[in-house]
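Below: one structure, written as structure tokens.
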Protein chains: 2
Amino acid sequence: GCDRWADCCSCLKLQTHTMGLVYLLQIDEEVAKLLELKARLGGDDGKHQFVLKTAKGTRDYNPKQMAIREKVFNTIISCFKRHGAETIDTPVFELKETLTGKYGEDSKLIYDLKDQGGELLSLRYDLTVPFARYLAMNKITNIKRYHIAKVYRRDNPAMTRGRYREFYQCDFDIAGQYDAMIPDAECLKIVYEILHELDLGDFRIKVNDRRILDGMFAVCGVPDDKFRTICSTVDKLDKMSWEDVKKEMVNEKGLSEQAADQIGEYVSMQGGMDLAEHLLQDQKMSQSKQACAGLSDIKLLFSYLQLFQVTDKVVFDLSLARGLDYYTGVIYEAVLTQAGVASVTTEAQNGAPGSTEESVSVGSVAGGGRYDGLVGMFDPKGRKVPCVGVSIGIERIFSIMEQKAEVSAEKVRTTEVQVMVASAQKNLLEERLKLTAELWNAGIKAEVMYKKNPKLLSQLQHCEESGIPLVAILGEQELKDGVVKLRVVATREEVSHTVDIHTRTAKGF
Amino acid sequence: GCDRWADCCSCLKLQTHTMGLVYLLQIDEEVAKLLELKARLGGDDGKHQFVLKTAKGTRDYNPKQMAIREKVFNTIISCFKRHGAETIDTPVFELKETLTGKYGEDSKLIYDLKDQGGELLSLRYDLTVPFARYLAMNKITNIKRYHIAKVYRRDNPAMTRGRYREFYQCDFDIAGQYDAMIPDAECLKIVYEILHELDLGDFRIKVNDRRILDGMFAVCGVPDDKFRTICSTVDKLDKMSWEDVKKEMVNEKGLSEQAADQIGEYVSMQGGMDLAEHLLQDQKMSQSKQACAGLSDIKLLFSYLQLFQVTDKVVFDLSLARGLDYYTGVIYEAVLTQAGVASVTTEAQNGAPGSTEESVSVGSVAGGGRYDGLVGMFDPKGRKVPCVGVSIGIERIFSIMEQKAEVSAEKVRTTEVQVMVASAQKNLLEERLKLTAELWNAGIKAEVMYKKNPKLLSQLQHCEESGIPLVAILGEQELKDGVVKLRVVATREEVSHTVDIHTRTAKGF
């Protein structure tokens, strides 16, 4: 499962290859564009205003952002490892044709590389298609893997909302032929653990099944060829009212009012295992074999979730549709429900703490589902490898954590230095360097100023600025006595330590 | 400092901008290429043979390779952190113009993105230019940072030798106006620590200074405009004999035989602080102010290296030139000297253990130097930020570690799972899932098979294959007794543990 984690979900449509034609059109466009550029440059005198910026929709991560990023990654990776996942990596670009026909309309958002002679390449758009390519290429039929890496989309960025053209995806997937709903339940357990540990506030995990949606559309009288388009309208229920969704179904998509109303009844339903049980008895719904298969699996899933003790956050929600077309079974999406998080955003933005009125939904922070057909698209013989996965909306989580850090009194440390080796007197550079090396050799994180005679004040200031807790102060008297004065920066408390800097016994720190 | 870490060093030439002209030529080329492609595709019937591969010169990392990669990264990052470094990240692509004029002839190896309307972008070629761009853009005048990320070069890959079009760079740099040679000495200390900890065998760190090279060329009678080209010939001394290098100087580069011979005398010199002292007294060399400045700094550097206790591996070598043109002061390069490592390669390749005759130099595994001018190229007012850095040749290190793992008896684990929850009897799926969740909740890395009734043998086999040390076996009797049988997979030793799986007290593991 992989997604943009943003307001507009990407819609992956399993199109057939139409490369030849598309190329011909693109080439004409390219030629026109280049000729225009040539004309433009020709009129120029060659002078050039240098622009100091990153590419549109991208950003540098500064040390503070990196410290937050590392903390989030550590939590997530620990969870993946606790569940026995391996990890793989794939190249940042794939053959263009590997991505062709996988993303439907959104293919226009793919970054292509220039044809510099050789293969036609594109930057990866997600991690799921490269994963499927990897499995098919290496004939792997079962694996539990995570992959954290950047993906690329030529979208209109809304960077203030944590939406970029270069952004991380953080995927966990289980591939293999297993008994129903066991790996699926583990994916939900993982989402639960991660959101719990990241401490982002309360959350809900919505669950549904593509077969239930399809069955529901069938029994409500939606024509087969309108399943996908009606499904994508249902997907908007988290941002639009039912009235507007119904209008779109009837007016734009040509559905009968009666069918729409019946759908409306179903998609308002939320519950747990009991709701699945109830719908299995539902006169209409029970007519669809597909729906019944999905409902039985939802029941089974909930029984496993009970064993995993996570049902308090999971809700069976018939309005959950998910944008991606490749899902074949269970689908899920986690959303933060606590106003607190959104209000953090508001506070950070307008500097008015406590004004929670403007708090809005922060949207989904994880999602995924079962996609049993994707790997088969890559296998020359079409052999299927059933897969279920989850993608953590890591960029959104970064945003929330950055905002939290912003309003928090606690300072984010960007280094882990434990001790600064300083001196109050002049001409002690050699002694400082020697002691610092001793500390490094003992595995202690230590720093020393790169000046012959730094002022004590500037050395102490550096400690305070970067949160170094201890400072080892060398002086003539201490050297004579064979000791080092160790000061706790915060309290200014001092103790003397005996240090024989000739025989590497500085482990007393 | 940044480099390809391969046989042919990349040569960064600080050219002036000639973008306008270059574009005009490129556009004509592009138009011709596209029209040709159009003709080719037009003749095609649209059918398309699907190729299942990664892009030329790139590779996937499988879980085993990732486990090795993670281990190497952990060692290196620990060292960087011990030295108080922060980390940053930059986008994988930069504005094309940011890279223009930074890499000389090698600019042709830059991957450009297709112009899809918007900015012209290129994939980063190294991490040093983005770092300089970052410093100038954010007006940062001092920072100690590391950056580990992939860079891209449209080179002819020699993948068997660990050379790819997509490969990692692993850079540590200190930017700021500091007292001479202190940060430079720390960079060498870091190289020493990392190579020592990675346990790759014996190594040497060669040190030289660009000012000594330039001074040497001057006093040997090399014309000013031939410094760079003669320098790049000297750089070949690690792969070519002096005779061949001399031939190139005289025959190809038009140097006088006498000048070449004088250079030959100098570049054969190796030593320590004593050699620097000796050359400061050298009648010829002492005529060059530049050389003297460099020699004094080498002396100072060695005095700091003595304090850091690393002089046993460092050698002042006048033949070290380094390919990159942006260096302005001290330069260094670490090479593995132990035949053992190369012989591992040989063994792994031809399966003949002990045949060390074919062992060849594995080349440099780290290198860098001082580049005081690069940031100024990005600053609108040309403000300089002195920098010194080192780049660890991580891809070569991966190769060596992979080969070592290949010939080693020890199996590389790709997961960290501590315990497998199994059952010998049927119908215990619920109990297995429940216990597994207890273990996860207690922070224990645990796995369970995704089958209702897996065979005990297949559960044990999985443990052996993936190196899981413990298996918790559930059975009717154990459940009745309220215990779990815990078996050490390797020895088959068994003990019973009391486990109350209702109250989360499974921490006894």
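Highest mean packing comes first when the peptides A:165-177, A:462-474 are listed by Cβ atoms within 10 Å, giving A:165-177, A:462-474. Partner aspartates and glutamates whose Cα lies under 15 Å from the Cα of residue B:81, excluding those fewer than 8 positions away in the same chain, are identified as A:70, A:416, A:447, B:171, B:173, B:186, B:193, B:197.
Report the net charge of residues surrounding residue B:144, where surrounding means a beta-carbon distance below 10 angstrom and charges are Lys +1, Arg +1, Asp -1, Glu -1. Walk me through the intermediate numbers first.
Values: positive: B:145; negative: A:447, B:86, B:173, B:186.
Charge balance in the 10 Å sphere: -3.
List, in the order given, every pair from A:206/A:236; B:226/B:381; A:96/A:381 whose Cα-Cα distance in the structure shown is over 23 Å. Don't skip to the end; give the middle numbers.
Numbers: A:206/A:236 15 Å; B:226/B:381 30 Å; A:96/A:381 21 Å.
Pairs exceeding the cut-off: B:226/B:381.
Straight-distance candidates among the lysines for linking to residue A:426, with alpha-carbon spacing under 21 Å and chain neighbours fewer than 8 residues away dropped: A:434, A:451, A:452, A:455, A:480, A:485. Contact order, relative form, for segment B:419-498: 32 percent (alpha carbon pairs under 8 Å, 6 or more residues apart, mean separation divided by residue count). Shielding by partners for peptide B:54-67, expressed as the average number of C-beta atoms from other protein chains within 10 Å of each residue's C-beta, is 6.
How crowded by other chains is A:445-457, given as the mean number of beta carbons from other chains within 10 Å of each beta carbon?
4
The accessible-area loss of segment B:288-312 on complex formation, taken against its chain alone with a 1.4 Å probe, reaches 10 Å² or more at B:304, B:307, B:308, B:309.
Taking only protein heavy atoms and a 1.4 Å probe, what accessible area per residue, in Å², does segment A:398-509 have with all protein chains in place? Walk me through the numbers on the way to the answer.
Details: 5890 Å² over 112 residues.
Per-residue value: 53 Å².
What does the structure give for B:115-125 when I average, per residue, the other chain Cβ atoms found within 10 Å of the residue Cβ? Let's see the in-between values first.
Details: counts 6, 11, 3, 5, 5, 3, 6, 3, 4, 0, 0.
If you average over the peptide's residues, the count of other-chain Cβ atoms is 4.
Can you tell me how segment B:419-498 classifies by the Cα gyration tensor, rounded, prolate or oblate, using a/c under 1.5 as the rounded cut? Here segment B:419-498 falls in the rounded category. Within the same chain, lysines fewer than 8 places from residue A:404 are excluded, and of the rest, those with a Cα less than 21 Å from its Cα are A:64, A:71.
If you take all other residues with their beta carbon under 14 Å from the beta carbon of residue A:295, and give Lys and Arg +1 and Asp and Glu -1, the sum is -2.
If we sort B:213-225, B:383-395 on the protection proxy, mean other Cβ atoms within 10 Å, highest first, what's the order?
Values: B:213-225: 19.5, B:383-395: 23.5.
So the peptides B:213-225, B:383-395, ranked by packing, come out B:383-395, B:213-225.
Computed with a 1.4 angstrom probe on protein heavy atoms, the A-B interface buries about 10400 square angstrom of accessible area in total. When peptides B:178-189, A:476-487 are sorted by average Cβ neighbour count within 10 Å, with the highest value leading, the order is B:178-189, A:476-487. Relative to the other identical copies, residue A:413 shows label-point distances of 2.9 nm, where the label point lies 7 Å from Cα along the Cβ direction and values run shortest first.
Whenever you get a sec, compute what percent of the accessible area on segment B:419-498 sits on carbon and sulfur atoms (1.4 Å probe). Carbon-and-sulfur percentage of accessible area, whole number: 49. Sequentially through segment A:190-207, phi angles give Karplus couplings (6.51, -1.76, 1.60; θ = phi - 60°) of 5, 4, 4, 4, 5, 5, 5, 6, 6, 6, 8, x, 5, 8, 10, 10, 7, 10 Hz, Gly and Pro residues having no value and appearing as x.
The values are calculated or read from the model by the stated rules, or taken from the named source; none is laboratory data. Bear in mind the structure is a predicted one, so any value in this text is a computation, not a measurement. Positions of Cβ are generated from backbone atoms using ideal geometry, with glycine treated the same way; all protein chains shown enter the neighbour counts. All accessible areas refer to the heavy atoms of the entire protein, side chains included, with ligands and DNA or RNA removed. Shrake-Rupley method; radii C 1.70, N 1.55, O 1.52, S 1.80 Å.
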